[in-house]
Amino acid sequence: MSSPPAITARRKGFNRAEIVDQNFSEFVREWRGEAGRPPAAEAPVLPGSALDARGFRELLESQMISRHLDLMARVLRVQNKVFYTIGSSGHEGNAMLARLTRHTDPAFPHYRSGAFMAERFRKLPGTDSSKLDPVMDSALSFAASKDDPASGGRHKVWGSKPLWVLPQTSTIASHLPKALGTAIAIEQARRIGHALPIPDDSIAICSFGDASASHATAQTAFNAAAWTAYQKLPAPVLFVCEDNGIGISVKTPADWIRASFEHRRDLDYFHADGLDLAAGYAGVARAVEHCRRTRRPTFLHLRSTRVMGHAGTDFEIEWRSVEELVAVEAGDPLLRSAAIALESGLYTPDALLAQYEAIRARCFAAAEAADRRPKLTTLAEVMAPLAPYTPDAVAAEAARAPDETRRAAAFGGTDRLPEKLPPRHLALQINAALHELLAKYPEALLFGEDVAQKGGVYTVTKGLHKAFGSRRVFNTLLDETTILGLAQGYANMGMLPIPEIQYLAYFHNACDQIRGEAASLQFFSNGQYRNPMLVRIAGLGYQRGFGGHFHNDNSIAALRDIPGLVVGCPSRGDDAATMLRTLLALAKVDGRVSVFLEPIALYMTKDLYAPGDGQWQFAYPAPGQAMPLGEGRVYGAGEDLLIITYGNGVPMSLRAARSIEQRHRWKIRVVDLRWLVPLDEAFIAAQAKGARRILVVDEGRHSAGVGEGVITALVEAGLGATPLRRVVGADTYTPLAGAAFLVLPGEDDILAAADALA
């Protein structure tokens with residue numbers, strides 16, 4: 001479709017948003033085509049189109065709403081009434097996707113999804129739809145008002161609890177793995193008898209740009225989807241690549257998306273023209289129907305364009321030629337929709353312009369009203385949904401005993417219940433606790449690399465697959481991003497996932513699935529959505545020379561940096577069991593994301609002071625016992641020296657304490673923090689009050705461990721004058737063999753620090 005001649009005089013204008021707006025009005029006013037007889041509501045809008053006239057009218061309205069929200073944002077941003085200008089202009093064809101899917105199909109939308117959202121608002125049945133206004137809801141989000149129904153003013157996101165649109169803040173496709181996980185979870189629910197919050201034949205929808213399709217996280221999702229389908233397992237996810245040919249300023253090679261995806265095995269490819277409602281509707285319908293019917297991963301390549309630049313601060317005229325911009329703007333999908341409206345006879349030029357201007361007025365009025373609505377004004381308001389915690393309810397759930405019959409069956413009989421067995425070491429106690437928790441929660445799933453028949457590389461999950469079957473305990477492909485994406489999907493569908501990351505070093509491959517996605521969901525949805533999960537990670541050092549860096553990783557700071565995350569780290573078996581009960585209760589009750597950091601070197605440790613003494617084996621705690629979040633364990637009552645530590649540092653410090661007591665005649669107290677995030681600063685201060693000397697033993701790295709947080713808590717509690725030393729790991733990767741013990745703190749280091757304090 002060529003650009004109308006009247007546009008030529010303004011082609012060199014700086015404000016391309018204004019030009020795009022004027023292009024539409026001039027195109028309609030100067031249209032001289034022949035109008036057909038208006039079709040009936042159920043008749044094709046144009047001959048041969050799969051889209052009927054009623055559908056076209058509604059889609060056109062959704063497109064106009066999206067466009068005027070963009071235009072409004074550009075105008076009011078300079079007045080500080082709007083705080084987000086990444087727009088949807090050129091992508092308005094995604095309204096077809098909303099029309100052809102259900103409001104109960106979980107959606108993970110691209111940030112250019114204004115038209116999708118406007119159209120999906122129509123999908124809510126009954127009177128509930130009258131309570132929702134896509135224009136006002138969007139305006140509240142643009143204005144960062146705390147009345148914003150999506151995020152409560154925390155971010156401009158497309159999201160809606162009643163419309164099953166889970167808010168995304170990602171711009172680089174990091175939401176694709178959890179969309180796939182949600183699709184797999186829809187099918188998993190049937191296999192484990194779990195009642196879904198949505199219809200059983202729902203599909204998961206995930207949209208993204210052509211540039212994002214190249215991101216490693218996106219490729220992970222495509223691979224995992226195909227891997228699943230290759231094994232004949234259902235994965236009803238609809239990947240929608242909105243191909244506008246450019247990522248900010250980097251152009252996608254011509255036809256790259258088609259060439260890359262059209263012939264991928266087990267990723268079924270469809271194409272549709274998102275610039276033309278009449279022509280593109282059938283292609284979108286085919287893709288949606290195929291995904292829902294076959295339950296296979298489906299890739300919809302939706303032709304789009306990008307007008308008005310990436311965002312309000314992107315002045316394309318500075319780096320793109322005028323000729324190129326004019327060509328892009330001539331392909332504006334709203335111009336094609338205007339042509340369909342006029343050619344079909346559904347609108348006269350005056351009627352079409354009247355609707356266009358009425359929607360403009362509606363958007364500006366909503367924005368002005370939103371500007372007057374309350375904003376977030378206190379830190380407490382901002383943080384309210386980040387880390388919900390109801391201690392009494394969590395404690396009650398953690399102490400709730402599993403069904404006795406089910407629990408006995410999980411262990412192979414009442415005579416084999418773990419509390420009836422002799423004291424045992426950490427790995428066996430974790431194993432027993434996992435058996436118990438899977439018996440207690442039928443909706444719980446345990447999965448990861450090698451966790452099923454093999455029982456994990458350290459046999460920590462041994463027997464779980466036999467006890468609970470492959471529907472609840474299963475292996476995944478070797479990809480941490482997929483594992484954590486699956487966890488989010490299961491959580492979205494009301495299950496309790498317990499994913500395992502085989503080593504702490506491997507977590508870094510997929511850190512953003514927790515940092516940017518799972519842990520942020522409650523925050524950016526204002527508590528409406530949650531990702532309850534318990535992530536088990538084997539980590540830390542001291543494996544007697546085995547494995548080097550990847551199997552002795554002590555980079556704890558990556559976990560401590562994630563807002564809202566809970567991190568527990570046991571040093572002994574009975575603590576592990578009571579902590580696990582609390583952590584899964586925390587997920588169940590408050591929807592929290594937590595990490596259980598398991599010290600590998602302590603898995604099989606039985607002795608404390610001498611070989612054969614068996615003093616690092618403990619009795620399994622009977623049902624009903626659970627550890628409160630933040631509660632540490634205290635060994636001894638001395639005040640001459642306080643040692644604060646965790647993990648491997650606990651038995652190490654207890655051994656060192658014996659030598660220090662003999663050398664300096666001190667009474668010593670050793671504190672096991674047990675909870676590394678959040679640190680219980682009040683507990684730390686209470687333990688330190690009255691201590692004559694303090695020693696912090698931290699197996700993390702000098703610049704990024706746990707000790708800095710402990711020392712800060714002491715200083716801020718007014719205890720900074722107490723003589724203090726820190727024993728900590730070096731700022732280096734862990735080498736192989738005996739050299740590992742040169743970089744990790746040891747008992748001799750603790751003794752030397754105590755001597756210095758003396």
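The values are calculated or read from the model by the stated rules, or taken from the named source; none is laboratory data. Here the structure is a predicted model, which means the values were calculated and not measured. With ideal geometry, Cβ positions are generated from the backbone for all residues, glycine too; neighbour counts draw on all protein chains shown.
Quick notes
- Between Ala704, Ala753, the distinction of being among the hydrophobic types (A, V, I, L, M, F, W, C) and farther than 29 Å from Val566 by Cβ belongs to Ala753 only.
- Tallying residues that are assigned to a helix (DSSP H, G or I) and surrounded by fewer than 19 Cβ atoms within 10 Å (Cβ to Cβ) within the stretch 517-559 yields 4.
- Screening the stretch 433-457 for residues that are in contact with a Ser or Thr (Cβ under 8 Å, 6 or more places away or on another chain) and part of a loop (DSSP other than H, G, I, E, B) and picking the one that is surrounded by the fewest Cβ atoms within 10 Å (Cβ to Cβ) gives Gly455.
- Residue count, the stretch 692-736 (criterion: of a type in the set (S, T, N, Q) and under 20 Å from Arg674 (Cβ atoms)): 1
- Any chance Lys178 is under 19 Å from Phe208 (Cα atoms), of a type in the set (Lys, Arg), out of contact with any Lys or Arg (no Cβ under 9 Å at 6 or more places or on another chain) and in a helix (DSSP H, G or I): yes
- Candidate set: the stretch 181-210, residues that are of a type in the set (Ser, Thr, Tyr) and outside any helix (DSSP H, G or I); chosen: the one nearest to Ile257 (Cα to Cα): Ser207
- Residues (part of a helix (DSSP H, G or I), among the basic types (Lys, Arg) and crowded, with 18+ Cβ neighbours inside 10 Å) located in the stretch 642-693: none
- For the stretch 657-701, the set of residues classified as within 23 Å of Leu565 (Cβ to Cβ), in contact with a strand residue (DSSP E or B) (Cβ under 7 Å, 6 or more places away or on another chain) and free of Cβ contacts under 8 Å to residues at least 40 places away in the same chain consists of Val671 only.
- Annotation: Thr722 fulfils all but one of (1) within 29 Å of Ala576 (Cα to Cα); (2) part of a loop (DSSP other than H, G, I, E, B); the unmet one is (1).
- Breaking point among (1) closer than 22 Å to Met96 by Cα; (2) not in a helix (DSSP H, G or I), for Ala213: (2)
- Given (1) touching a residue at least 12 places away in the same chain (Cβ under 8 Å); (2) surrounded by fewer than 20 Cβ atoms within 10 Å (Cβ to Cβ); (3) within 30 Å of Phe447 (Cα to Cα); (4) of a type outside the set (A, V, I, L, M), index of the condition Lys178 fails: (2)
- For the stretch 123-170, residues that are more than 25 Å from Gly209 (Cα to Cα) and charged (D, E, K, R) total 6.
- Scanning the stretch 475-487 for residues that are crowded, with 18+ Cβ neighbours inside 10 Å and either over 23 Å from Thr578 (Cα atoms) or among the basic types (Lys, Arg) (or both) gives Thr476, Asp479, Glu480, Thr481, Thr482, Ile483, Leu484, Gly485, Leu486.
- Residue ID - modelled with the highest pLDDT, chosen from residues in the stretch 5-37 that are of a type in the set (Asp, Glu) and more than 47 Å from the chain's Cα centre (by Cα): Glu30
- Among the residues of the stretch 589-614, the ones that are farther than 20 Å from Asp680 by Cβ, touching a strand residue (DSSP E or B) at 6+ places or on another chain (Cβ under 6 Å) and not acidic (Asp, Glu) come to 1 in all.
- Filter pass, Glu381 being surrounded by fewer than 17 Cβ atoms within 10 Å (Cβ to Cβ), in contact with a Lys or Arg (Cβ under 8 Å, 6 or more places away or on another chain) and part of a helix (DSSP H, G or I): yes
- Residue within the stretch 103-115 that is of a type in the set (Lys, Arg), outside the structural domain of Gly489 (by TED's automatic domain parsing) and within 25 Å of Pro197 (Cα to Cα) present: no
- Under the condition of being surrounded by fewer than 20 Cβ atoms within 10 Å (Cβ to Cβ) and either acidic (Asp, Glu) or in a loop (DSSP other than H, G, I, E, B) (or both), the residues counted in the stretch 340-362 number 5.
- Residue selected from the stretch 318-339 under the condition surrounded by fewer than 17 Cβ atoms within 10 Å (Cβ to Cβ) and assigned to a helix (DSSP H, G or I), by the criterion modelled with the highest pLDDT: Ala327
- Ser88 vs. criteria at pLDDT below 90 and under 26 Å from Ala370 (Cα atoms): yes
- Just one of the numbered conditions (1) on the phi > 0 side of the Ramachandran plot; (2) out of contact with any Leu (no Cβ under 9 Å at 6 or more places or on another chain) is not true of Pro442: (1).
- Among (1) within 18 Å of Pro385 (Cβ to Cβ); (2) at pLDDT 90 or above - the single one Val135 does not satisfy: (1)
Okay, residues lined up against (1) over 39 Å from the mean Cα position of the chain (by Cα); (2) over 30 Å from Glu34 (Cα atoms); (3) small (Gly, Ala, Ser):
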| site | (1), (2), (3) |
| --- | --- |
| Thr305 | no, no, no |
| Glu318 | no, yes, no |
| Glu323 | yes, no, no |
| Ala327 | no, no, yes |
| Pro333 | no, no, no |
| Ala341 | yes, no, yes |
| Ile359 | no, no, no |
| Arg373 | no, yes, no |
| Thr377 | no, yes, no |
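- Filter pass, Ser470 being surrounded by 22 or more Cβ atoms within 10 Å (Cβ to Cβ), of a type in the set (Ser, Thr, Tyr) and at pLDDT 90 or above: no
- Among residues of the stretch 728-750 being within 35 Å of the chain's Cα centre (by Cα) and not in a loop (DSSP other than H, G, I, E, B), the one that is surrounded by the fewest Cβ atoms within 10 Å (Cβ to Cβ) is Val743.
- The stretch 603-628: number of residues that are under 28 Å from Val394 (Cα atoms) and either out of contact with any Ser or Thr (no Cβ under 6 Å at 6 or more places or on another chain) or not in a loop (DSSP other than H, G, I, E, B) (or both): 9
- Among residues of the stretch 279-311, those that are part of a helix (DSSP H, G or I) and of a type in the set (S, T, N, Q), counted: 1
- Subset of the stretch 397-431 (residues that are acidic (Asp, Glu) and in contact (Cβ under 8 Å) with a residue 24 or more places away in the chain): Glu397, Asp403, Glu419
- Count - residues of the stretch 255-278 that are touching a helix residue (DSSP H, G or I) at 6+ places or on another chain (Cβ under 9 Å), in a helix (DSSP H, G or I) and not polar (S, T, N, Q): 5
- Among the residues making up the stretch 232-255, those that are on the phi < 0 side of the Ramachandran plot, at pLDDT 95 or above and of a type outside the set (A, V, I, L, M) are Pro234, Pro236, Phe239, Cys241, Glu242.
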